[in-house]
Amino acid sequence: MIPLALLLFAAIYLFIERFITIRKASHIDPNFMNNVKTYILNGNIEGAKSLCKATNSPVAKIIEKGILRIGRPVKDIENAIENAGKIEISKLEKNVGILNTIAGLAPMFGFLGTIIGVIAIFQEVAIKNSIEIGTISGGLYIKMVSSASGLFVGMIAFAAYSFLTNRIDREMRNMELSAIDFIDLLEEPANN
């Protein structure tokens, strides 16, 4: 039960820490891209850079990488944005995989407790040389509590992992849409 309690504590801690981090990363002014567009169309590249530096979010960081490459071929800008996006996503995904590991490991610890409970049952039967409810009840208790605890911790960790993964996917889509808007902005004058 001690390993299960530690896994539960770790899962809760990781979920809260990652949730707060992802939530902070997803907060951005809805007019951010419009402001960047206004700065760039007015030729105020420094203003666009300053806006990105002042906005602490993954979207702002990838757009800043693109702004720093203005004047180079669009393909270079796209590559810079893509690489910056990969770095920002890896920051958001940090330690989320541990929740998936806990989700798989906790039921195994529960199963180990089940085996220990069965061993305790057979040991008591061997010592008392009789099968009575009092002889087997202690082992059954260990067996059932361990199994239920392992499944409970595994379900919590899996739910936390799935929730965070969905939030990261949503943030990744926001970053992709912002990157597309930025590239479209750079190609806009060439199309006129």
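Computed from the coordinates by the stated procedures, all read-outs in this text should not be read as laboratory data. Computed from a predicted model, the values in this text were never measured in an experiment. We place every Cβ from the backbone using ideal geometry, glycine too, and count neighbours over all the protein chains shown.
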Problem - Length-normalised contact order of segment 22-107 in % [C-alpha pairs under 8 Å, at least 6 apart] - result: 21
Handout entry: Size of electric dipole in segment 84-162: Cβ of Lys, Arg +1 and of Asp, Glu -1, about Cα centre, debye, nearest 20
Key = 200
Problem - segment 55-65 - phi-based ³J(HN,Hα) in whole Hz, Karplus 6.51/-1.76/1.60, Gly and Pro as x - result: 9, 8, 7, x, 4, 5, 5, 6, 5, 4, 4
Practice task
Could you state the angle between the C-alpha long axis of helix 2-26 and the longest principal axis of the C-alpha atoms of the chain, as a value from 0 to 90 degrees rounded to the nearest 10?
Solution key: 10
Fill in the blank from the handout: GNM on the chain, Cα springs under 10 Å; top mean-square fluctuation among I133, I142, I156 goes to I133
Problem - Among G85, P73, I116 - extreme Cα towards positive end, dipole of the chain, charges at beta-carbon - result: I116
Completion exercise
In degrees, nearest 10, the alpha-carbon axis of helix 74-93 is tilted away from the dominant principal axis of the alpha carbons of the chain by 30
Fill in the blank from the handout: In this structure, among K24/K75; K53/K75; K37/K91; K53/K91; K61/K91; K49/K94, pairs with alpha-carbon gaps over 21 Å are K24/K75; K53/K75; K37/K91; K49/K94
